[in-house]
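One structure is given below, encoded as structure tokens.
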Amino acid sequence: MKPYFKFVLISASMWISIWNPLHGQTETDGLWMPKRNFCGGLIAGASSWTHYWEGTLHRNNQNIGTLSSSFLMAMGNYGVGENTNIIFSLPYISNKASAGTLAPQQGLQDLNLSVKQYLGGRNWKGSTVGLTAVGGVSTPLSNYVADFLPLAIGVRSRTLSLRLLGDLQRGKFFATASAAYVRRASIEIDRTAYYTTEMVYSNQVIMPDVFTWMVRTGYRKDPDHIVEFFVDRMNTLGGFDMRRNDMPFPSNNMEQTRIGLGAKWALGKQGLSFMGNVSRVVAGRNMGQASAAMAGLVWQFAVPRKTKTYN
Amino acid sequence: MKPMHNFPSTQSALKALTKNNLRSKRKLFHMRNTILMAAFAALILLPTACKKELEQENMQFPALEPLRSDTGAGTWKTILLSRPDQIPVAAPVAVTSPDYRLELQEIVSRQERMEETDEDNLKYWAAGTVLRWNEIMRELVAKYNLPPYQNPDGSYPFPDANNPLAYPYFPFANPPYAARAYAYASAAVYDALVAAAHYRSLYRRPLPSRTNPKIKHLIPVTGDWTYPSDDLTAAGASVAILSLMFPGEQDYLQRRLNACRDAILLSGTCSRSDAAAGEALGRGVAAVFIARARTDRAGASAGTPALWQQLEQKAIQAGETPWKSLETPPRPPMLPAFGKVKGFLLDSLEVVNNRPPAPPSVHSEQFRKELAEVLQYSLNPTRERVAIVHFWADGAGTYTPPGHWNAIACSDFVKERFSEVRWARNLALLNMAMFDAAICCWDAKYAYFNPRPSQVDAAIKTHTGVPNFPAFTSGHSTFSGAAATFLAHVVPSRAGSYKSMASEASVSRLYGAIHYRSDIEVGMNMGNMLGGMAVQRALTDGAE
């Protein structure tokens with residue numbers, strides 16, 4: 001269980017899933033799978049919000065009540081080389097509102113695939129620092145409806161992302177900082193005209209790109225024993241505000257700042273690790289103020305080399 | 001066995017310290033630099049790669065080049081004007097006059113120093129003035145089609161026409177409001193263009209290029225006479241009606257009017273006095289419609305708390321379950337007295353006489369069957385049905401179902417290459433039919449005040465928002481029946497498509513689990529009847 005799973009980007013109310021909510025599992029940590037090792041597992045989580053930001057106005061909505069989201073995600077990380085990992089994740093998401101009449105939504109969301117490449121590192125004044133680049137793609141795996149926020153399970157945009165990550169370890173203390181640019185492709189919706197700040201006659205919606213950063217720090221005895229605090233921030237580069245008492249739209253100007261606590265602990269030597277975290281959105285725009293918790297179980301094993309077999 | 005942890009930041013640092021590992025270190029260093037450079041290059045390129053642009057259907061419309069010029073439209077039957085010359089237009093100055101020659105010189109010099117933005121503006125308006133003002137109206141409807149947020153005490157504020165820019169903004173451009181706005185604007189533009197055609201034939205002022213050959217025609221020319229300009233007549237009438245319907249948008253409308261005038265003056269088909277006379281005529285004709293709009297009882301259509309209670313009591317006395325708002329806090333029903341508004345095709349007595357019989361009683365077997373069908377669609381959505389629901393939803397924040405049918409009509413009219421006055425006539429009849437459809441539909445809704453499916457069975461979750469008014473009959477079905485029936489008459493080659501579109505729009509409300517089958521079937525029949533009335537009028541208005 002080398003990789004420290006960072007479920008942190010799981011912003012569970014999925015209107016919140018501005019970019020793929022589960023994007024970046026292990027993409028935001030400085031930890032690695034050894035060559036020819038595979039680590040895979042399941043992570044489950046839930047989140048909810050009753051307040052959201054309509055533009056910058058903080059409000060609730062009695063016709064939504066509490067929006068709850070839960071997910072189950074399969075993920076895996078394989079070490080193709082000492083310095084190169086391939087990571088995937090695939091979430092199944094379920095959203096529902098406690099009030100109003102709108103039907104709940106559920107389904108497979110987006111497949112994320114990323115390549116994490118260690119670029120180099122050195123000892124520096126008694127600390128070890130390293131630099132990593134992570135390139136990722138994501139694409140929707142089912143034909144879910146994006147234009148039904150806040151119940152939609154995602155926004156359907158195919159993405160291309162690049163993250164640069166710096167990691168520092170000093171004794172049992174660590175700090176990791178990273179920032180990513182997420183390029184988002186236009187999406188298609190089921191109607192041929194919609195209003196943003198003007199009328200648009202198309203079934204295509206241009207999605208603003210996303211910039212995100214994250215800092216995490218705490219105790220890291222080794223890659224299997226971690227307790228950390230994190231803060232992350234994401235914002236779309238453009239987009240428009242919801243109008244007064246309007247519904248959200250996939251190309252809204254979305255922002256979110258979140259804080260959280262996480263831990264990872266390996267049990268024995270069986271290749272099994274537990275992990276979990278809790279988080280809370282503390283600031284936002286055109287998104288729900290979600291509180292979230294999740295927990296996962298992952299298993300790591302060495303993939304045997306190919307050997308000849310004789311019948 | 002669990003493998004050793006591989007922690008590259010530590011490992012590589014160790015590697016770096018190993019002297020006999022220099023060669024591989026250099027190699028690794030080189031590789032890292034390459035990757036690092038590639039990463040930075042990607043970081044810079046990522047935001048700029050493939051510029052994001054939308055191709056919008058309405059921006060691809062070609063310049064309007066009518067198949068028929070319809071120069072005889074001055075004799076077509078008007079809607080409110082008693083005669084085409086009811087609004088006087090003074091005779092133009094002679095083409096030999098110095099004033100007029102100066103006007104033409106202005107066109108020449110404007111054409112000589114045309115800029116790219118002028119070209120874009122000209123290209124936009126060249127597709128048709130009636131079309132573009134219809135689009136502007138749709139945009140304003142979408143902008144204002146949002147239900148007001150509640151007061152702290154749980155009551156709801158009502159928009160105030162005298163204070164349109166204070167929240168809640170005036171108007172709340174819901175479907176009945178929008179249907180009325182589309183109808184008034186379209187009908188006024190039509191009457192104004194009939195009047196303009198009358199005066200053009202009367203005064204016979206030639207095209208500017210006939211007097212000053214240096215003037216080029218930058219858009220296709222229709223007809224030989226230009227006073228008053230039909231483009232500016234349509235614009236003047238549109239701006240006047242839209243200023244009434246969307247009083248907070250005066251500045252915006254003035255900007256669009258200025259852009260329209262700039263384009264038409266630049267086109268070489270119209271002089272400044274042609275434009276001014278057209279704009280004044282348009283506004284004058286619009287004033288006739290505005291006077292009627294002020295007395296058509298729409299102002300009282302929101303009703304009063306006493307009326308809301310009375311509707312509820314009436315349903316209870318009939319032994320039925322009265323409609324209740326499914327919103328929290330409960331919102332007053334949308335425009336309960338809209339059925340009393342004066343329409344264009346039916347008078348109020350005819351509205352009542354054409355009211356359909358009551359929907360199935362909530363105690364009947366028929367009702368239970370229909371409710372079960374709704375539940376079935378609620379629980380078993382397919383992606384295809386949900387796409388249909390969303391395609392036709394046209395709910396809050398959109399141009400409403402009448403707006404959708406205007407968009408459908410306009411896309412087809414572009415291909416039909418109608419003259420401006422025929423464009424106006426077809427849009428007028430289309431929107432009059434949908435306005436009267438709204439009136440008849442709202443009359444039935446509040447005559448029976450029946451509950452939405454989700455009110456009767458809370459297990460019915462919906463695939464689109466539940467509108468805040470009674471179910472019977474379905475507005476979408478009524479609007480769509482009216483629109484499809486009329487459009488089939490003016491674009492016969494598309495009759496089959498219109499019929500299937502209307503059926504789809506109608507059944508989308510059942511798929512969305514917000515209407516019973518009775519609502520959509522009876523609504524469709526009612527709509528077809530109103531579309532038929534618009535066709536009857538079309539057959540006798542002199543345009544065919």
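The values are calculated or read from the model by the stated rules, or taken from the named source; none is laboratory data. From a predicted model like this one, the values you see are computed outputs, not experimental measurements. Quick reminder, even Gly has a Cβ in these numbers, built from the backbone with ideal geometry, and neighbours come from all protein chains shown. Keep in mind that these areas ignore ligands, DNA and RNA; they rest on the heavy atoms of the full protein, side chains included. Shrake-Rupley method; radii C 1.70, N 1.55, O 1.52, S 1.80 Å.
Which of (1) over 19 Å from B:LYS143 (Cβ atoms); (2) touching a Phe, Trp or Tyr at 6+ places or on another chain (Cβ under 7 Å); (3) among the hydroxyl-bearing types (Ser, Thr, Tyr) does A:THR236 not meet, given it meets every other one?
Result: A:THR236 fails condition (2) only.
Which condition from (1) within 14 Å of chain B (Cβ to nearest Cβ); (2) farther than 21 Å from B:GLY397 by Cα; (3) in contact with a strand residue (DSSP E or B) (Cβ under 7 Å, 6 or more places away or on another chain); (4) open to solvent by 20 Å² or more (accessible area, probe 1.4 Å) is the one that A:TYR219 breaks?
For A:TYR219, the failing item is (1).
Name the helices (runs of 4 or more DSSP H) wholly within the range B:51-170 that hold at least 3 residues that are away from chain A (no Cβ under 14 Å) and touching a helix residue (DSSP H, G or I) at 6+ places or on another chain (Cβ under 9 Å)?
On the way: elements: B:98-112, B:116-126, B:129-144.
Counting at least 3 such residues, we get B:98-112, B:116-126.
Give me the residue from the range A:163-195 that is more than 7 Å from chain B (Cβ to nearest Cβ) and part of a loop (DSSP other than H, G, I, E, B) and, out of that set, most open to solvent (accessible area, probe 1.4 Å).
That would be A:LYS172.
Look through the range A:120-142, keep the residues that are assigned to a loop (DSSP other than H, G, I, E, B) and touching a residue at least 12 places away in the same chain (Cβ under 8 Å), and return whichever of them is surrounded by the fewest Cβ atoms within 10 Å (Cβ to Cβ). Steps first, please.
Our first condition is that a residue be assigned to a loop (DSSP other than H, G, I, E, B); within the range A:120-142, this holds for A:125-126, A:141-142.
From the residues that got through so far, the ones that are touching a residue at least 12 places away in the same chain (Cβ under 8 Å) too are A:126, A:141-142.
Working: A:GLY126: 7, A:LEU141: 14, A:SER142: 15.
Of everything passing the filter in the range A:120-142, A:GLY126 is surrounded by the fewest Cβ atoms within 10 Å (Cβ to Cβ).
Given the options B:ALA235, B:ALA276, B:ALA263, name the one that is modelled with pLDDT of 95 or more and more than 21 Å from B:LYS123 (Cα to Cα).
Working: B:ALA235 fails: more than 21 Å from B:LYS123 (Cα to Cα); B:ALA263 fails: more than 21 Å from B:LYS123 (Cα to Cα).
One residue alone meets the criteria, B:ALA276.
Confirm whether B:PHE391 is within 12 Å of chain A (Cβ to nearest Cβ) and aromatic (Phe, Trp, Tyr).
Details: within 12 Å of chain A (Cβ to nearest Cβ): yes; aromatic (Phe, Trp, Tyr): yes.
Spelling it out, B:PHE391 is indeed within 12 Å of chain A (Cβ to nearest Cβ) and aromatic (Phe, Trp, Tyr).
Looking at (1) under 21 Å from B:LYS314 (Cα atoms); (2) touching an Asp or Glu at 6+ places or on another chain (Cβ under 6 Å), which one does B:TRP442 not meet, given that it meets all the others?
Only one criterion is unmet by B:TRP442, namely (2).
Could we say that A:GLN105 is open to solvent by less than 40 Å² (accessible area, probe 1.4 Å), closer than 30 Å to B:PRO148 by Cβ and either out of contact with any Asp or Glu (no Cβ under 7 Å at 6 or more places or on another chain) or facing chain B (nearest Cβ under 9 Å) (or both) here?
Numbers: open to solvent by less than 40 Å² (accessible area, probe 1.4 Å): yes; closer than 30 Å to B:PRO148 by Cβ: yes; either out of contact with any Asp or Glu (no Cβ under 7 Å at 6 or more places or on another chain) or facing chain B (nearest Cβ under 9 Å) (or both): yes.
Answer is yes for this residue.
For the range B:217-229, does any single residue satisfy the condition of being of a type in the set (Asp, Glu), buried (at least 24 other Cβ atoms within 10 Å of the Cβ) and away from every other protein chain (no Cβ under 14 Å)?
Taking the range B:217-229 and keeping what is of a type in the set (Asp, Glu), we get B:224.
Still in the running and buried (at least 24 other Cβ atoms within 10 Å of the Cβ): none.
Looking through the range B:217-229, none of the residues is of a type in the set (Asp, Glu), buried (at least 24 other Cβ atoms within 10 Å of the Cβ) and away from every other protein chain (no Cβ under 14 Å).
Would you check if there is a residue in the range B:242-258 being open to solvent by 30 Å² or more (accessible area, probe 1.4 Å) and acidic (Asp, Glu)?
Looking through the range B:242-258, at least one residue is open to solvent by 30 Å² or more (accessible area, probe 1.4 Å) and acidic (Asp, Glu).
Here is a check on your reading of the model: is A:MET207 in contact with a Lys or Arg (Cβ under 9 Å, 6 or more places away or on another chain), within 26 Å of A:ALA290 (Cα to Cα) and in a strand (DSSP E or B)? Explain how you work it out, then say what you get.
Numbers: in contact with a Lys or Arg (Cβ under 9 Å, 6 or more places away or on another chain): yes; within 26 Å of A:ALA290 (Cα to Cα): yes; in a strand (DSSP E or B): no.
For A:MET207, the condition - in contact with a Lys or Arg (Cβ under 9 Å, 6 or more places away or on another chain), within 26 Å of A:ALA290 (Cα to Cα) and in a strand (DSSP E or B) - is not met.
Taking the condition open to solvent by 20 Å² or more (accessible area, probe 1.4 Å) and either farther than 17 Å from B:LEU427 by Cα or of a type outside the set (A, V, I, L, M, F, W, C) (or both), does B:ARG517 pass?
Details: open to solvent by 20 Å² or more (accessible area, probe 1.4 Å): yes; either farther than 17 Å from B:LEU427 by Cα or of a type outside the set (A, V, I, L, M, F, W, C) (or both): yes.
Here the answer is yes, as B:ARG517 does meet what is asked.
Would you point out the residue of the range B:326-340, among those that are assigned to a loop (DSSP other than H, G, I, E, B) and charged (D, E, K, R), that is nearest to the other protein chains (Cβ to nearest Cβ)?
First, pick out the residues of the range B:326-340 that are assigned to a loop (DSSP other than H, G, I, E, B): B:326-337.
With the extra rule that they be charged (D, E, K, R), the set shrinks to B:327, B:331.
On the way: B:GLU327: 6, B:ARG331: 10 Å.
Restricting to residues being assigned to a loop (DSSP other than H, G, I, E, B) and charged (D, E, K, R), the top hit is B:GLU327.
Please work out which one of (1) open to solvent by 10 Å² or more (accessible area, probe 1.4 Å); (2) among the aliphatic types (A, V, I, L, M); (3) more than 8 Å from chain B (Cβ to nearest Cβ) is the condition A:LEU237 fails and give its number.
(3)
Between residues in the range A:23-39 that are over 24 Å from A:VAL129 (Cα atoms) and at pLDDT 70 or above and residues that are open to solvent by less than 10 Å² (accessible area, probe 1.4 Å) and in a loop (DSSP other than H, G, I, E, B), which pairs lie under 6 Å by C-beta distance while being six or more apart or on different chains?
A:CYS39/A:MET1; A:CYS39/A:LYS2; A:CYS39/A:PRO3; A:CYS39/A:MET33
Are any residues in the range B:452-485 polar (S, T, N, Q) and outside any helix (DSSP H, G or I), and if so, which ones?
Taking the range B:452-485 as the starting set, the residues that turn out to be polar (S, T, N, Q) are B:454-455, B:462, B:464, B:468, B:473-474, B:477-478, B:480, B:485.
B:THR462, B:THR464, B:ASN468, B:THR473, B:SER474 - these are the residues of the range B:452-485 that are polar (S, T, N, Q) and outside any helix (DSSP H, G or I).
Tell me which residues, restricted to the range A:196-211, are facing chain B (nearest Cβ under 7 Å) and not hydrophobic (A, V, I, L, M, F, W, C). Before you say what the answer is, go through the steps one by one.
Pass one, the range A:196-211, residues facing chain B (nearest Cβ under 7 Å): A:198-202, A:204, A:206, A:209.
If the condition is that a residue be facing chain B (nearest Cβ under 7 Å) and not hydrophobic (A, V, I, L, M, F, W, C), then A:GLU198, A:TYR201, A:SER202, A:GLN204, A:ASP209 are the ones that fit.
In the range A:38-92, which residues are assigned to a loop (DSSP other than H, G, I, E, B), open to solvent by less than 20 Å² (accessible area, probe 1.4 Å) and in contact with a Lys or Arg (Cβ under 8 Å, 6 or more places away or on another chain)?
Across the range A:38-92, the qualifying residue is only A:GLY55.
Kindly list the number of the only condition in (1) touching a helix residue (DSSP H, G or I) at 6+ places or on another chain (Cβ under 8 Å); (2) within 14 Å of chain B (Cβ to nearest Cβ); (3) aromatic (Phe, Trp, Tyr) that fails for A:PHE249.
(1)
For the list (1) touching a Gly at 6+ places or on another chain (Cβ under 9 Å); (2) within 21 Å of A:PRO250 (Cα to Cα); (3) hydrophobic (A, V, I, L, M, F, W, C); (4) more than 9 Å from every other protein chain (Cβ to nearest Cβ), I need the number of the one condition that A:LEU160 fails.
Single failed check for A:LEU160: (4).
Each row is one residue, and each column tells you yes or no for (1) farther than 30 Å from A:MET247 by Cα; (2) free of Cβ contacts under 8 Å to residues at least 12 places away in the same chain.
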residue: A:ALA177; (1), (2): yes, no
residue: A:SER202; (1), (2): no, yes
residue: A:VAL210; (1), (2): no, no
residue: A:GLY218; (1), (2): yes, no
residue: A:PHE230; (1), (2): yes, no
